[in-house]
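Shown next, in structure tokens, is the structure this report addresses.
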Amino acid sequence: MILTCRKHIRSYGMPVMCVIMAFVLCANAGSTVATRAGISWEVSQFVRSSNARSGSPTDTTWLNGYWVQRISTVFRIDARAGDRLSGYIEYYGSILFTLPDEGSDRSNQVRQGIGTMRAACIEYVLSEDAFPDAGFRAGYFPFDYAPENRIIGEYLLKTGTYPGYVISEEDDWPVLGMHAFVRFPRILRHDIIVNIEMEQRPQGDLSFAYLARLGRGRVFELDAGVVLHRVLRSRQAASAQVNGFERWPIREPVYDSRGDRSAWDTTGWYQKAGTKVLGRAVFDPKKLMPFDRLGPEDLKLYAEACVLGVKDYDGYYDDITERVPGMVGVNLPAFGLLDVLSVEAEYYGSLWKNNPCGDGRPVPDESFEYQTTATGSIAGFRTIEHPSEGAGRKARTDNIKWSAYAMKTISDRLSVSARVASDHFRPGREAGAAPVERIHAPGEFYWSVRVETVF
């Protein structure tokens, strides 16, 4: 079994262990303690996909009809000391029947197991009389600022810069750090987040985010945010620069008389760090004209867009419109038969693969097209050496994404959800699989069903 929590604790042990110690002290200080557990089963099937693995780059039909499954358990302990101090620890285990390694030349399904600490945080809420809806959290915890979004969107944290990438999944994105919040005036909520990068290399970089939410829970909600992404670099990032992973010049390489690259023109460098700017809006017409037969989520219309790096760089990033994912979603009337029935769509006009670079480099590293050796044999995907080479045809056909999602709570302890989507599906990512997007055109899609119970 792959114990990913060991990796996380080893890399960021001090803040997490401090939270656990504070949680234990809280639990021993005359507090109330509660536990809960849950089990879920999720099955998905690719209906159509043109994805190819680097180990077999010419096989673009291997995913058609492919099944993946996930059986998961969750155990959570909540503690509360008085009205203001609380905390919880959550552990997660899963058995996955998922995709093979990216470099494998075989398409056989593989079985993997993971066990990880999914959350460990404490929260302190200030006096409601002095500071309404104010407090802070610290530790490792999910952050959900867009409860209406089901699959697509939530770009504040589920994105990266240089090269830009977007992740779509049902679960909220985790934060390792701190979150302070306050409502002042009462119609405006402020969220400040300090986050340590732990999902993508280079790990350990520090990001700062600010989000303002106006009219939360009213007819119109308007959100605006800014993220200083990787603004403080880590030791791993410094090592990447020394070893060459991040030392990528903005201008073209210098070639000698034989046409071989002899040196880089180092008058400027691409940077992994960047500034993200986000805007979001929600409209709930039921606040204007209540409908007795509609559910609380019905008819909500929401939209979101984010600039993944406001700075242009010559070559790979000279057009800011190619770095702006945008989405729109609507909750269709379900009349109480379902908790929610939503349809979402997204446009992201990037000209490169929508994947984080595995070695942390700030430029696209791989094309959709395969390369051949001098003898004519196929040798994986082509490495991108210059912006003019592009990433291939699929980089232009994968700009549009969509999803349809439905959920029904059958009882207090049982719920069922289903989706059909052509989104940024990356099965197996939580088990350490390569974060490779598997859908590359609007006509490619999959379906998924999840059954979840808590006790």
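Could you list all residues from region 328-361 that are assigned to a loop (DSSP other than H, G, I, E, B), closer than 28 Å to residue 283 by Cβ and charged (D, E, K, R)?
The one that is assigned to a loop (DSSP other than H, G, I, E, B), closer than 28 Å to residue 283 by Cβ and charged (D, E, K, R): 339.
State the number of residues belonging to region 388-414 that are surrounded by fewer than 17 Cβ atoms within 10 Å (Cβ to Cβ), modelled with pLDDT of 90 or more and assigned to a strand (DSSP E or B).
The qualifying residues number 5.
Considering only residues of region 298-325 that are in a strand (DSSP E or B) and either among the aliphatic types (A, V, I, L, M) or more than 23 Å from the chain's Cα centre (by Cα) (or both), which is modelled with the lowest pLDDT?
The residue in question is 313.
For region 151-162, check the following and say yes or no: at least one residue is at pLDDT below 95, in contact with a Ser or Thr (Cβ under 9 Å, 6 or more places away or on another chain), outside any strand (DSSP E or B) and among the charged types (D, E, K, R).
So far as region 151-162 goes, yes, one or more of its residues are at pLDDT below 95, in contact with a Ser or Thr (Cβ under 9 Å, 6 or more places away or on another chain), outside any strand (DSSP E or B) and among the charged types (D, E, K, R).
Restricting to region 174-217, give me the number of residues that are within 20 Å of the chain's Cα centre (by Cα), part of a loop (DSSP other than H, G, I, E, B) and not hydrophobic (A, V, I, L, M, F, W, C).
Residues in region 174-217 being within 20 Å of the chain's Cα centre (by Cα), part of a loop (DSSP other than H, G, I, E, B) and not hydrophobic (A, V, I, L, M, F, W, C): 8 in total.
Does residue 295 satisfy the condition of being farther than 24 Å from residue 147 by Cα, in contact with a strand residue (DSSP E or B) (Cβ under 9 Å, 6 or more places away or on another chain), crowded, with 16+ Cβ neighbours inside 10 Å and modelled with pLDDT of 90 or more?
It is false that residue 295 is farther than 24 Å from residue 147 by Cα, in contact with a strand residue (DSSP E or B) (Cβ under 9 Å, 6 or more places away or on another chain), crowded, with 16+ Cβ neighbours inside 10 Å and modelled with pLDDT of 90 or more.
If you check every pair at least six apart or on different chains, which have Cβ atoms under 6 Å apart with a residue in region 330-341 that is loosely packed, with under 14 Cβ neighbours inside 10 Å first and a residue that is not charged (D, E, K, R) second?
Cβ pairs passing all conditions: 336/295.
Hey, any hits in region 365-380 for a residue that's in a loop (DSSP other than H, G, I, E, B) and touching a residue at least 12 places away in the same chain (Cβ under 8 Å)?
Checked against the condition, which is being in a loop (DSSP other than H, G, I, E, B) and touching a residue at least 12 places away in the same chain (Cβ under 8 Å), region 365-380 yields at least one hit.
The values are calculated or read from the model by the stated rules, or taken from the named source; none is laboratory data. What you see is a predicted model; the values in this text were computed from it and never measured. We place every Cβ from the backbone using ideal geometry, glycine too, and count neighbours over all the protein chains shown.
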